[in-house]
Amino acid sequence: MAYRPKAPTPEETSSSGSAPLGVRLLALLVGTVFLLMAGKSVVRDFRQYYKLTPLDELYVATPATWLKVEVRRDASGAADFYPDVLFDARVDGQSVWGWRLSFEEAPRDSAYWAARLAGYKVGDTVTAFVNPRDPKDAFIEKKSEGVPRIVSKTMLGAAFGLFGATLVVLSVPGFLRRPADTGHKGGKPRA
């Protein structure tokens, strides 16, 4: 005669279908971290995208004078270089100093920045783009090559956020369920 395992009772089936407490806690923690980090990333990328796309609406072209045009090495000692610029723009008759070449100042090698800054010289007049609401928010070049990159980063952040939300949503019902009645009360089995 062949051995046949006993069929599980409905109580056993419902209790064995839920994940252990540690797994539910880990899923909730990981999901929350993913959700928070993705939310922060998406908000930051959206703000950057907002600044890069309607530049003509947010910024006013203003004459400025170069005060400093150099390439600087990253302070950490890495082989990353950045533009080190300073310009003086006139906004409503007041002098406003700006130090941003463009919104897309990613670290590059020194040759890249030297070539990009080669057309600028201290004392030359240049057009600066200044935010009238915040004059310290100013830059020289309207580069927007990074918009597709920002959009893809935003989509990736949203995907991580969706993953985190899924983990949170799947783990929360496990905490809300009542424990299955095992048939034991006070250590005595039910009759």
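The values are calculated or read from the model by the stated rules, or taken from the named source; none is laboratory data. Just so you know, these numbers come straight off a predicted model, no measurement behind them. Every residue, glycine among them, receives a Cβ derived from its backbone with ideal geometry; neighbour counts consider all protein chains shown.
Of ARG47, ARG24, ARG100, ARG90, all but one fail to be modelled with pLDDT of 80 or more, among the charged types (D, E, K, R) and part of a helix (DSSP H, G or I); the exception is ARG24. If you filter the stretch 103-128 down to residues that are assigned to a helix (DSSP H, G or I) and in contact with a strand residue (DSSP E or B) (Cβ under 8 Å, 6 or more places away or on another chain), you find that the one that is surrounded by the most Cβ atoms within 10 Å (Cβ to Cβ) is TRP113.
Reported count of residues in the stretch 136-154, each being part of a loop (DSSP other than H, G, I, E, B) and either under 15 Å from the mean Cα position of the chain (by Cα) or modelled with pLDDT under 80 (or both), is 5.
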